[in-house]
Amino acid sequence: MADRYEPASFEAKWRQRWSEADLFKTREEADRPKFYGLDFFPYPSGAGLSVGHCRNYVPTDVICRMKYMQGHNVLHPMGFDAFGLPAENEAIKRKRHPREMTAEYTATYRRQMDLIGISYDWSRSFASCDPDFMKWTEWIFELLYKRGLAYRRLASVNWDPIDKTVLADEEIIGGRAERSGAVVEKKFIPQWFFRITEYAQRLIDDLDTIAWPEGIKTQQRNWIGRSEGVQFTMRAVYMDEAQVRALKAAASTSSSAPAPSSDSGRLPELEELEREVRASHAAADVPASVSQKIAQLEGNLAKAAEKVNVTVPGGDAFESARAKIMMAGGLRPAERMPSFDVFTTRVDTVFGMTFCVLAPEHPLVETLLSMVPEDKKKAIREYQVQAKTLSAADRLVVTREKTGVFSGAYAINPVNEDLIPIWIADYVLTDYGTGAIMAVPAHDERDFEFAVKFGLEVKPVIKPTEEYLRKFTPPGEEFDYERELARYVAYPKQYDPVFVSKDSVCFNSGWINGLTFPEATKKVGEWMEGQGIGARKIQYKLRDWLISRQRYWGCPIPVLHREDGSMELVPEDKLPVLLPDVDNYEPGEDGQSPLAGIDFWVNTTDSQGRPAKRETDTMGGFADSSWYFLRFCDPHNQKQGWDPAKAAYWMPVDCYVGGAEHAVMHLLYARFWTKVLHDEGLVTVKEPFQRLENQGQVLALTPYRKPREGEKLDMGEEGILISFDEAKQLPEDQVLWRWARMSKSKGNVVTPEEAVEEYGADALRIYLLFVAPFNADVQWDNHGMEGGARFLSRVYKVVEDNRSAFDPAWASKIGTMEPDEATRKLRRATHQAIRNSTEHIDRFAFNTYISGLMIFVNTINDLVKSTQVIDAFRLALSEALSSLVLLLGPAAPHSSDELWSSLGGEGFSLHAPWPSFDAALAVEDTVTIAFQVNGKLRDTLDMPAASSKEDMEQAALASAKVQAFVSGQTVKKVIVVPGRLVNVVVG
RNA sequence: GCCCGGGUGGCGGAAUGGUAGACGCAGCGGACUUAAAAUCCGUUGGCCGCGAGGCCAUGCGGGUUCGAGUCCCGCCCCGGGUACCA
């Protein structure tokens with residue numbers, strides 16, 4: 001060993017030995033607990049790794065190494081998410097094949113990961129573009145297809161009309177194509193989807209079973225976006241102004257709203273069925289089986305109604321309204337009233353509906369066009385065009401004014417026969433709910449804004465709270481609830497923001513007056529169900545997963561299209577469908593994948609030998625990352641994607657580590673596939689990742705300059721990015737130094753090679769662990785690694801300096817020795833260090849794990865300096881040094897092995913058992929007790945840790961400093977917290 | 001706007017409701033050295049005081065408590081996510 005800590009002299013040597021000994025090969029021994037530690041599947045970019053990426057890999061390595069030392073079989077694999085647009089684009093740019101390029105980049109990643117000593121089992125590694133892996137990605141696609149979870153339908157893509165190509169979202173900046181600058185259009189082409197919506201509820205429910213950061217769970221819940229409400233039907237009619245006036249006049253004289261139906265609230269078909277059955281039997285003796293049958297039918301019908309998204313038609317809620325409209329001349333006898341559905345979570349406000357809104361693309365709009373006069377028709381058409389061509393950029397504008405057009409038609413509010421104008425506006429989304437809403441401007445911000453802009457009626461139906469009304473009462477005026485309420489009802493448009501609370505009751509609402517939100521929702525919901533015009537329904541924001549990419553560099557979708565337009569799956573024994581090896585993969589016409597132009601690949605035959613064409617869309621990368629963690633369990637299996645027994649052993653991933661930017665997509669898709677595979681019986685777990693941890697980003701100081709005149713800043717940037725060289729040349733006051741994420745494009749990357757070259761791999765690891773809490777962002781400072789190196793050199797020194805005193809057989813002797821004061825202190829420090837290191841690593845508190853080791857080293861040094869190293873102390877010192885070296889192992893494996901062998905240890909420190917601690921030895925025997933008076937610290941005193949409450953109280957009252965604050969006052973109370981403090985309360 | 005994080009010394013950060021500032025960085029003083037680097041020792045939240053000591057301090061304002069960085073209510077600021085989801 002050298003005199004000084006010189007990592008360059010031994011780090012490479014140990015990495016060599018680890019590799020020769022195949023040290024990180026996955027151990028699968030019976031009777032050991034398992035631990036599966038995994039990092040997010042990285043995309044190997046040509047830029048290689050920065051120290052920022054290491055922030056992900058080092059902590060996972062620490063916990064895996066500790067688990068290994070604790071006796072677990074540890075699965076700690078690494079693979080590469082090779083498919084995808086960036087690789088394809090770079091390959092096109094460099095005129096190379098992405099497969100070759102990926103192989104090169106992957107090798108770089110591996111070399112860099114090895115350089116910093118990460119304990120990956122490379123024998124299990126693969127890339128998602130490996131045929132062996134693709135085969136099973138395709139196989140899972142087929143499984144989803146067979147289970148009815150994969151389907152094809154028309155969907156929009158981003159279309160660049162200049163380059164005539166499909167763009168990914170990330171290729172669009174501010175509504176324009178990044179490359180051509182063209183305004184991106186929407187184009188509808190058939191694309192593949194996975195029916196993740198079918199799993200929406202399970203994806204919400206099972207979040208409760210996994211240990212993930214709450215923030216990520218919340219994001220997933222919001223993304224899935226469950227809401228409970230009622231979907232109901234409305235009928236539309238066109239009436240001219242004279243007819244509307246006539247109808248209103250008639251309504252004001254009769255003023256009869258429909259009474260809530262008093263029947264059972266069941267579907268009419270069933271009522272009829274039951275009547276028939278009863279008629280054919282003596283009234284009282286309907287067989288139980290028939291009753292059951294009815295109940296069952298009832299359930300089925302209700303379910304069916306829910307499934308097809310259509311409320312059960314029929315009922316006569318509209319009949320009375322219809323008659324009146326006919327009398328007013330708005331309908332001819334037998335004329336149809338087209339219906340449309342709306343979904344609402346606030347059916348309790350249904351009496352406050354003053355207009356309806358259809359999305360511009362809603363199918364009913366077409367029907368309305370045939371009903372309304374020419375001028376309306378023209379206005380609607382114009383609005384539709386306007387909505388369609390609205391660019392993505394315009395849609396992004398935060399405070400976009402509401403736009404819309406009145407269709408000229410009216411709907412009937414089923415609860416009170418009110419005539420409701422139907423508007424068309426793009427603030428209603430086509431693909432959420434039914435694409436149509438009932439608008440209640442009095443209790444919905446968006447409807448309110450629309451009503452104000454277009455002069456529509458606002459009708460309050462939820463009684464506002466006093467607190468709400470007070471906000472609108474002129475200051476100084478005496479508050480009178482009834483008067484304010486009257487004012488509110490008379491001038492509701494002056495009340496902005498609107499009253500949206502659910503903690504109130506209905507008023508001005510016919511037969512639901514006085515009901516609370518849940519009561520009203522239930523009553524109206526049941527009434528609508530009884531009328532056959534609506535049903536309670538659960539709605540999700542989550543959309544089906546669009547898997548199609550019109551791209552070359554992805555896993556093919558194993559589907560054949562026959563000439564008659566039908567489809568079949570590529571037979572299992574013909575998998576995988578590989579990508580054709582071609583030099584050019586130029587985009588196809590009309591938004592087709594580049595593969596569509598490769599005739600020899602596209603044209604094939606189906607299972608019957610008939611001509612067929614291959615599906616030319618490929619799967620997006622999220623398919624690969626949705627199951628790779630299963631392949632790691634059994635990576636060389638040629639017969640299956642994995643052996644279910646092996647997956648049953650290793651799954652779930654015990655600890656999954658990666659950036660929070662994948663909070664939703666990847667993690668949701670992987671959960672979805674796992675559930676499908678679970679349902680198929682291929683994996684035992686319902687959730688793939690038991691515990692999830694997100695590391696913070698590594699930021700580096702990056703130079704920007706202020707924009708010059710006429711220069712525009714990119715979204716979210718505070719200045720114009722400049723190079724480090726440019727920053728040096730500019731006057732200081734013109735350079736803005738900002739913390740920005742390390743990236744090649746910002747020129748602020750520090751590579752692991754540079755860091756290791758200067759300070760050593762272990763110093764880099766220590767710094768990354770120590771600099772900040774694991775999940776916090778780090779402001780990178782090259783200088784900070786010096787601290788890591790300094791600490792390691794102190795460890796090195798304390799071991800070296802005391803090596804001669806080290807007794808390799810300390811463990812067998814230490815139990816019998818007679819400990820003196822210094823020995824007890826040293827053993828206490830050792831056992832505390834073991835306890836803390838273990839706890840902190842388990843908790844992902846790596847910064848305190850390292851600081852605990854620093855404290856331990858300082859304590860050893862202090863004690864050694866003040867103590868004669870003989871006998872008992874020598875054994876305690878041996879224990880301390882041995883423990884220190886092993887506790888250091890997960891964080892600084894090279895140094896640990898170097899010191900371990902220096903102390904005469906066999907083999908590798910990884911093979912030594914993780915030190916265990918004796919709680920009794922870790923306990924302090926003397927503690928400093930705080931004496932407080934009225935909660936303020938006045939004195940401290942060292943006392944035996946086991947001091948009784950009485951002794952502590954006495955000592956506190958005896959303190960002169962305490963007395964100074966107590967004297968002259970009465971002691972009301974004394975709080976004693978054993979081992980902590982005494983608080984004397986006076987007053 | 002909404003939903004998540006987060007505001008503690010010059011800096012990164014510690015702190016099961018119980019002595020705020022562990023550990024480290026930087027600074028200052030000292031030792032070693034011809035000198036420097038490296039290393040080691042000491043010191044370092046602010047204010048007042050010669051001192052003993054006292055007062056003030058965890059974004060701001062309230063509250064609960066014997067006791068609040070920690071819990072509750074109301075704000076402010078920063079970072080991330082999301083975008084009219086009826």
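Find the centroid of the Cα atoms in segment A:923-987 and in segment A:574-643, then give the distance between the two in whole Å.
The two parts, judged by their Cα centres, are 75 Å apart.
Stokes-Einstein diffusion coefficient for segment A:902-987 at 10 °C in a medium of 1.306 mPa s, Rh from the Kirkwood formula over Cα pairs: what value in µm²/s?
The diffusion coefficient I find is 104 µm²/s.
Each residue of segment A:749-766 in order: what ³J(HN,Hα) in whole Hz does its phi give by Karplus 6.51 cos²θ - 1.76 cosθ + 1.60, θ = phi - 60°, with x for Gly and Pro?
Result, rounded to whole Hz: 7, 10, 8, x, 4, 4, 5, 5, 4, 7, 10, x, 5, 5, 5, 4, 4, 4.
So how compact is segment A:503-606: Cα radius of gyration and Dmax in angstrom?
When restricted to the Cα atoms of segment A:503-606, Rg and Dmax are 26.9, 73 Å.
For segment A:613-681, report the accessible area per residue in Å² (1.4 Å probe, heavy atoms, rounded to an integer).
Details: 1920 Å² over 69 residues.
For segment A:613-681, the per-residue accessible area is 28 Å².
Evaluate the charge dipole of segment A:478-610 about its Cα centre and quote only its size in Debye, nearest 20, assuming +1 on the Cβ of each Lys and Arg and -1 on the Cβ of each Asp and Glu.
So the dipole magnitude of segment A:478-610 works out to roughly 680 debye.
Can you tell me the convex hull volume per residue for chain A, based on C-alpha atoms, in Å³ to the nearest whole number?
Per-residue hull volume (Cα only) is 309 Å³.
Please calculate the 1.4 Å probe accessible area of A:Asp431, with all protein chains present, and give it to the nearest 10 Å².
100
Expressed as a whole number of Å, what is the distance separating the alpha-carbon centroids of segment A:226-247 and segment A:736-774?
63
Is there a quick way to get the dipole size of segment A:821-908? I mean about its Cα centre, with the Cβ of Lys and Arg at +1 and of Asp and Glu at -1; what is the value in debye to the nearest 20?
Roughly 340 debye, rounded to the nearest 20.
What's the ranking of A:942-951, A:485-494, A:646-655, A:194-203 by average number of surrounding C-beta atoms within 10 Å, highest first?
Numbers: A:942-951: 13.0, A:485-494: 14.6, A:646-655: 21.1, A:194-203: 18.8.
Ranking, from highest mean packing down: A:646-655, A:194-203, A:485-494, A:942-951.
Arrange the peptides A:693-701, A:911-919, A:966-974 so that the one whose residues have, on average, the most other Cβ atoms within 10 Å appears first.
By packing density, highest mean first, the sequence is A:693-701, A:911-919, A:966-974.
Over chain A, what is the relative contact order in percent, taking alpha-carbon pairs closer than 8 angstrom and at least six residues apart?
Rounded, it is 15 percent for chain A.
Determine Rg/Rh for segment A:623-779; Rg is computed over alpha-carbon atoms and Rh is the Kirkwood hydrodynamic estimate from the same atoms.
1.14
Using only alpha-carbon positions, what ratio does the radius of gyration of segment A:420-459 give when scaled by 2.2 N^0.38 Å?
Taking N as the residue count of segment A:420-459, the ratio is 1.12.
For A:Val986, enumerate residues with amide H under 5 Å from its amide H, sequence gap 5+ or separate chain, H modeled in the peptide plane.
Result for A:Val986 returns A:Asn934, A:Lys972.
Residues with beta-carbon under 11 Å from that of A:Ala490, excluding A:Ala490: net charge, scoring Lys, Arg +1 and Asp, Glu -1?
+2
Expressed as an acute angle from 0 to 90° and rounded to the nearest 10, what is the orientation of the C-alpha long axis of helix A:481-490 relative to the principal long axis of chain A?
Between helix and principal axis, roughly 60 degrees.
Roughly how many percent of the accessible protein surface of chain A is carbon and sulfur, given a 1.4 Å probe and a whole-percent answer?
Roughly 51 percent of what the probe reaches on chain A is carbon or sulfur.
If you keep only loop residues by DSSP, which trypsin sites (Lys or Arg not before Pro) in segment A:94-126 have at most 14 other Cβ atoms within 10 Å of their Cβ? Write out the running numbers ahead of the final one.
Values: sites: A:Arg94, A:Lys95, A:Arg96, A:Arg99, A:Arg110, A:Arg111, A:Arg124; in loops: A:Lys95, A:Arg96.
Here the trypsin sites (Lys or Arg not before Pro) that fit, given the DSSP loop and packing criteria, are A:Lys95, A:Arg96.
Go through A:213-225, A:829-841 and give me the packing order, highest mean Cβ count within 10 Å leading.
Output ranking for A:213-225, A:829-841: A:829-841, A:213-225.
Would you compute, from DSSP H runs of 4+ residues alone, the mean residue ellipticity of chain A at 222 nm, taking -39500 (n - 2.57) per run and dividing by the full residue count, rounded to the nearest 500?
Computed mean residue ellipticity for chain A: -12000 deg cm²/dmol.
Expressed as a whole number of Å, what is the distance separating the alpha-carbon centroids of segment A:40-86 and segment A:482-516?
After rounding, the separation between the Cα centres reads 58 Å.
Under the 0.36 nm per residue contour assumption, what length would be gained going from the current alpha-carbon distance of A:Lys706 and A:Asp206 to full extension?
Residue separation times 0.36 nm, minus the Cα-Cα distance, leaves 175.1 nm.
Taking the dipole about the Cα centre of chain A, with the C-beta of Lys and Arg at +1 and of Asp and Glu at -1, give me whichever of A:Gln932, A:Leu668, A:Val342 is farthest to the positive side.
Farthest along the dipole direction, towards plus: A:Val342.
Report the one residue of A:Trp900, A:Pro556, A:Ala727 whose Cα lies farthest in the direction of the positive end of the charge dipole of chain A (charges on C-beta: Lys and Arg +1, Asp and Glu -1; origin at the Cα centre).
About the Cα centre, the residue reaching furthest to the positive side is A:Ala727.
Once amide H atoms are placed 1.01 Å from N in the peptide plane, what residues at a sequence separation of 5 or more from A:Tyr704, or on another chain, have their amide H within under 5 Å of its amide H?
Residues meeting the amide H criterion: A:Ile722, A:Leu736, A:Trp737, A:Arg738.
By how many degrees, 0 to 90 and rounded to 10, does the Cα axis of helix A:214-224 deviate from the longest principal axis of chain A?
20
State, to one decimal in nm, how far the label point of A:Asp679 lies from the label point of A:Arg446, with both points 7 Å from Cα in the Cβ direction.
3.0
The values are calculated or read from the model by the stated rules, or taken from the named source; none is laboratory data. These numbers were taken from a predicted model, which means no experiment stands behind them. We place every Cβ from the backbone using ideal geometry, glycine too, and count neighbours over all the protein chains shown. Just so you know, the surface numbers come from the protein's heavy atoms only, side chains and all, with ligands and any DNA or RNA stripped out. Shrake-Rupley method; radii C 1.70, N 1.55, O 1.52, S 1.80 Å.
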